[in-house]
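What follows is a set of notes on a single structure, which appears directly below.
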Amino acid sequence: MHKIFEITLITIVLIMFSTSTPVYAVKTVYTLYNTEEQFKTGDPNGVTITSTGTIQLSYQTEAILTRTGEWTINDIIQIDDQIYLATSGQGTIYQLPVDAQPDCEPVAIYGDQEDQARHIFSLGRDEKNQLLAGTGGAQAQLIRFDSRGKPTTIWSSNEIKYIWSIVTGPAGRIYLATGPTGKIITLDPDGANEQVLYQAGEKNILTLVLDPQGRLYAGGDEFGLIYRIDPSTSKATIIYDTGHKEISRLVLDNQGVLYAATSDMMAAKIAGRLVLADQDDSRPENGNAMYFPPVSRPTPAVRISRMPPRSNNRNGNGDQEGNEIFKIDPQGFVTSIFKQAVTIHCMALDSDQSLLIGIGDYARLIHLNPQTRQAAVVFENPDCSQITALLAGKTTLLGLSNPFVLVRLGCQYQPNGYYLSQPCDAEQVSRWGLIQIQSESPDQTRLLIQTRTGNTADPEKGGWQDWGPFHPVERLNPVTSAPGRFLQYKLLFETTNPAVTPSVSEVKLASQIPNLAPLLKNLSARRPEPKPKQPEQPNPANTIVISWQAEDQNDDDLLYNLYIRALDSDCWILLEKDIEDLNYTLDGLTLADGHYDLKVEACDRASNPSDSALTTSRISQPLIIDNTAPEILQLNWQSEGDKIRIDLQAQDQLSVIESLDYVLDSSTDWQKGLPVDGIFDNTREDFKLSIQPERNGRHFLTIRLRDTFGNSIYRNLTIEL
């Protein structure tokens, strides 16, 4: 939030706490919400907050499948009217109809045998539209399922441990992205005639996509490279080096534009979101397999909740700004269209060729328009850790992991939802003015607002008024809540047409606290430090700098009056009026010797009407004005052999004697003398000096006494030895 200070008068509907009427300051404090980060401080329920700072209704969602024995949903595919899920944990492949209802009972077509793989990482289809599944663990297996769901292993390898992606090309040729040896394997439609189409320098090839010309695009894990391979010639080209460590997903739109998502795993490890574990101890050599151990959590309800603050953790290549999505046009021009400190697990194109992005950190789904680069969180479930699989189309399915939940995301808006702001702190009990709201309410939608005020930061602790009534949102919205230090607002979004939603893009709160008197502190008077000088030069101590500190909780402009009076008088004399600075320089020579009081008055009339302006004052410690040199009460000398003995008694009326210096037969060779008691600490001092001339005869002696205000007196003696 940003607080903006302006001078204005506002009309307000006000309910007072008591019959007395406090005087309010003229200056209004505005608190502005108009960005994603500012709105994210509140609590969205059934609404989403876009990257451009707009609140709108969320899409309808429903959880259609939960499982406690599985860790993750690694892949989702639709074949005809059936949905298939690839999982880790028990290694089950689930089959369910595309229109499955919540809490349906799916068919487990794989994973019920002890010798079957426990990790199904990828799904595909062959030329006959039969399901293909790629496993990971002790060895990689490619499994085909016939029309009855019967599995047959058509290819396996002890060297290759993981099949990360499956693509079927022309003539039914099957292509596999594998690890940890970084090979792209190609097979005949029946799984025979294994060939290494490409051997990458990276340990894993994680994602494959085939373009209409039959060319393969591949993304690697270790160097973050994007490859293009022509299967007819086995010629490979690196088309882009992302500068990241991992390419988690490639997708190709209907215009031939390639999108690549990075997912450096170091960011996830630092954030504590990704735990590497494999119960059969077979894991990738570079530790990048996405295994999520089971966690003990209740089955989640699908809901939209607050997005947590973005992490500043570094990703795998030391980039503090996180992972990216790159757009690569058919001519090879590359643009970064998305960059956030999140882990991107999956990505898909929806029906309008926008991108759906599944990330970690509370299982959020981001909708990204590649043309405008506007991103909006359209779903999140804080009870799950990641969205690890996506199926986009007429039916959009989200595979949530840790714990396992399959969610159907509708393309229609929820009928209602609300946004609850965090309490806005005015820092004092304040009255709240008109709330300015920029919003849109299409036909068949409604947008309402209500407010409440309180005097504790947490409404749950009490001290809050009841919520006021809801009323339709306008450009200017009165606050009917009583004055209070904190204000909270709730926006209610409703639609009877699921194709449209109301939206809010800016909320501006106005508050005024009662006019409070200024606060004065640390009133002091000091003499400037003297510049370096020769010992014989007098100390110019007649300049006095008077300074003070002031605060005003209304942030009012302050003016200051400075007064002085003799300590034994009750009459204040104005030295200066309407001072704007926090200091004043006084010439001490304009005042007689004596003790004085200083007083500063601070007034906020520059920011308030004259009848409501407030004044406060502060009096200093007594100030001594001393412009008179010390007095020599007694001065005698006598000779003692070849030495001169000086007896001197001096007194100052107001200040301590600071020094005694003398010079013999010179104008520059000043020597220091000390009092009899060895310390200058009194207005009266006795001195006994013993001076030994270099020769006998007549001598000229000069003595100088100085007080702490720099006032000096000199005495000259002519001495004959």
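A few notes on this one:
- FRET efficiency, ILE573 to TYR714 (Cβ-Cβ, R0 35 Å, nearest 0.05): 0.50
- Listed residues LEU582, THR702, LEU623: farthest to the positive end of the dipole of segment 582-721 (Cβ charges): THR702
- With the convex hull drawn over the C-alpha atoms of segment 664-721, the volume per residue is 100 Å³.
- Were the residues from GLN82 through ASN193 laid out at 0.36 nm apart, the gain over their Cα-Cα distance would be 36.9 nm.
- With DNA, RNA and ligands ignored, accessible area of GLU576 (1.4 Å probe; Å², nearest 10): 80 Å²
- Segment 625-703 and segment 336-369: distance between their alpha carbon centers, rounded to Å: 89 Å
- Expected 222 nm ellipticity per residue - DSSP helices of 4 or more, -39500 (n - 2.57), all of the chain, to 500: -500 deg cm²/dmol
- Residue-by-residue Karplus 3J(HN,Hα) for segment 353-367, coefficients 6.51, -1.76, 1.60, Hz, glycine and proline x: 6, 8, 9, 10, 10, x, 10, x, 6, 6, 6, 9, 10, 10, 9
- Applying 1/(1 + (r/R0)^6) with r as the Cβ-Cβ distance of GLN444 and VAL107 and R0 = 45 angstrom yields a FRET efficiency of 0.65.
- Phi-based couplings in Hz for segment 193-202 (Karplus 6.51, -1.76, 1.60; Gly and Pro marked x): 6, 5, 9, 8, 6, 7, 10, 7, x, 9
- The chain - Rg (one decimal) and Dmax (whole number), Cα, Å: 41.9, 136
- Using θ = phi - 60° and Karplus 6.51 cos²θ - 1.76 cosθ + 1.60, couplings along segment 80-93 (whole Hz; Gly, Pro as x): 6, 9, 10, 10, 10, 10, 9, 10, 10, x, 8, x, 8, 10
- Close amide H pairs (under 5 Å, H built 1.01 Å from N) link ILE435 with ASN477, VAL479, residues at least 5 positions away or on another chain.
- Neighbours of THR496 by Cβ distance under 11 Å: Lys/Arg scored +1, Asp/Glu scored -1, total -1.
- Sequence-distant lysines (8 or more away, or on other chains) whose Cα lies within less than 26 Å of LYS327: LYS183, LYS203, LYS235, LYS245, LYS339, LYS394
- Separation in nanometres of the label points that stand 7 Å from Cα toward Cβ, at LYS235 and GLN130: 3.5 nm
- In this structure, the amide hydrogen of ARG125, modeled 1.01 Å from its nitrogen in the peptide plane, lies closer than 5 angstrom to those of LEU132, THR168, counting only residues at least 5 positions away or on a different chain.
- The residues neighbouring ASN34, those whose beta-carbon lies less than 11 Å from its own, together hold a net charge of -2 under the Lys/Arg +1, Asp/Glu -1 convention.
- Set of aspartates and glutamates with alpha-carbon distance to LYS643 below 12 Å, sequence-local pairs under 8 removed: GLU694, GLU720
- Between GLN671 and VAL257, residue separation times 0.36 nm minus the direct Cα-Cα distance comes to 139.9 nm.
- A straight Cα-to-Cα reach below 24 Å connects LYS521 with the lysines LYS27, LYS577, LYS599, residues fewer than 8 places away in its own chain not being considered.
- GLN651/ASP425 FRET efficiency (R0 56 Å; Cβ-Cβ; nearest 0.05): 0.35
- ARG715 sits among other residues whose Cβ lies under 12 Å from its own Cβ, and their net charge, with Lys and Arg +1 and Asp and Glu -1, is -1.
- Computed over segment 566-721, the quotient of the alpha carbon radius of gyration and 2.2 N^0.38 Å is 1.58.
- Under the criterion of Cα pairs below 8 Å and six or more residues apart, the relative contact order for the chain equals 11 percent.
- With Cα atoms defining each centre, segment 232-267 and segment 705-721 are spaced 92 Å apart in the structure.
- Between the exposed loop cleavage positions of the chain, defined as trypsin sites (Lys or Arg not before Pro) in a non-H, G, I, E, B DSSP state with at most 10 neighbouring beta-carbon atoms within 10 angstrom, the longest gap is 149-393.
- Each label was represented as a point 7 Å from its Cα along the Cα-to-Cβ direction; for GLU37 and ARG526 these points are 3.9 nm apart.
- Ligands, DNA and RNA excluded, the heavy atoms of CYS411 present near 110 Å² of accessible surface to a 1.4 Å solvent probe.
- The H on the amide N of ILE83, modeled in the peptide plane, is under 5 Å from the matching H of LEU96, VAL98, each at least 5 residues off or on a different chain.
The values are calculated or read from the model by the stated rules, or taken from the named source; none is laboratory data. Every value quoted in this text rests on a predicted model; they were computed, and no experiment measured them. Glycine gets a Cβ as well: all are built from the backbone with ideal geometry, and neighbour counts include every protein chain shown. The protein model used for the area step is the full one, side chains on, heavy atoms only, and it has no ligands, DNA or RNA in it. Shrake-Rupley method; radii C 1.70, N 1.55, O 1.52, S 1.80 Å.
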